[in-house]
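*Asks:* First the structure, which I've put down as structure tokens, then a few questions once you've had a look.
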Amino acid sequence: MVRNYSFPRVKRGDTVYCVEWKKNKPTVVEFPVASAAHSSIVVLEPNGTEKILVGKQTLSRYAASNGDAVAKEFLRLAKQAQADEANAINVLKQVIALGALL
């Protein structure tokens, strides 16, 4: 089966968003784009350092808006629950916490 990855096409000065988890609590983090290429994005972290994002799976976690970032994280969790049925209860707890961001 072919996997379909989608990640934002951005340019310098744009902003991308990603859901990050800290102590089982999700937050949407905003990253300004320093530069971008076809398969990589360089973003500035909140502390001012540059972070290079490379790879289809990594880039697919980033979105052009808050809502899209939450939706992509929800899809990631759904795929994780489908792949690992034994861990479905923990994934459901994460989905409930993710719903608080909406």
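*Asks:* Taking the 0 to 90 degree range and rounding to the nearest ten, how far is the long axis of helix 88-99 tilted relative to the main principal axis of the chain, both from C-alpha atoms?
*Replies:* 50
*Asks:* Calculate the dipole size of the chain relative to its Cα centre from +1 charges on Lys and Arg beta carbons and -1 charges on Asp and Glu beta carbons; express the result in debye to the nearest 20.
*Replies:* Roughly 100 debye for the chain.
*Asks:* Just report the Cα centroid separation between the range 82-102 and the range 10-60, whole Å.
*Replies:* Comparing the Cα centres of the range 82-102 and the range 10-60, I get a distance of 23 Å.
*Asks:* Using 7 Å Cα-to-Cβ label points, what is the Ala78/Asn90 separation (nm, one decimal)?
*Replies:* Each label point lies 7 Å from its Cα, and together they span 2.2 nm.
*Asks:* Sticking with this structure for a sec: Quick one: 3J(HN,Hα) in Hz for the range 56-69, Karplus 6.51/-1.76/1.60 with θ = phi - 60°, rounded, Gly and Pro as x.
*Replies:* 5, 5, 5, 5, 6, 7, 9, 9, 8, 8, 4, x, 5, 5
*Asks:* Mind listing the long-range amide H neighbours of Ser40? Cut-off is under 5 Å, sequence gap 5 or more, other chains count too, H placed in the peptide plane at 1.01 Å from N.
*Replies:* none
*Asks:* Return the tail of the calculated pair distribution for the chain, meaning the percent of Cα-Cα pairs more than 23 Å apart.
*Replies:* When every Cα pair of the chain is considered, 30 percent fall beyond 23 Å.
*Asks:* Add -39500 (n - 2.57) for each DSSP H run of 4 or more in the chain, then divide by its residues: what number comes out at 222 nm, to the nearest 500 deg cm²/dmol?
*Replies:* -10000 deg cm²/dmol
*Asks:* Ok, one more. Amide H of Val16: which non-local residues (sequence gap of 5 or more, or other chain) have their own amide H closer than 5 Å, using H built in the peptide plane?
*Replies:* Excluding prolines and chain starts, which carry no amide H, the hits are Phe31, Val33.
*Asks:* Separation between the Lys56 and Asn24 pseudo-spin-labels, each 7 Å from Cα along Cα→Cβ, expressed in nm?
*Replies:* Taking the simple label geometry, Lys56 and Asn24 are separated by 3.4 nm.
Every number here is computed from the coordinates shown, using simple stated rules; none is lab data. Quick caveat: nothing in here was measured; it's all calculated off a predicted structure. Quick reminder, even Gly has a Cβ in these numbers, built from the backbone with ideal geometry, and neighbours come from all protein chains shown.
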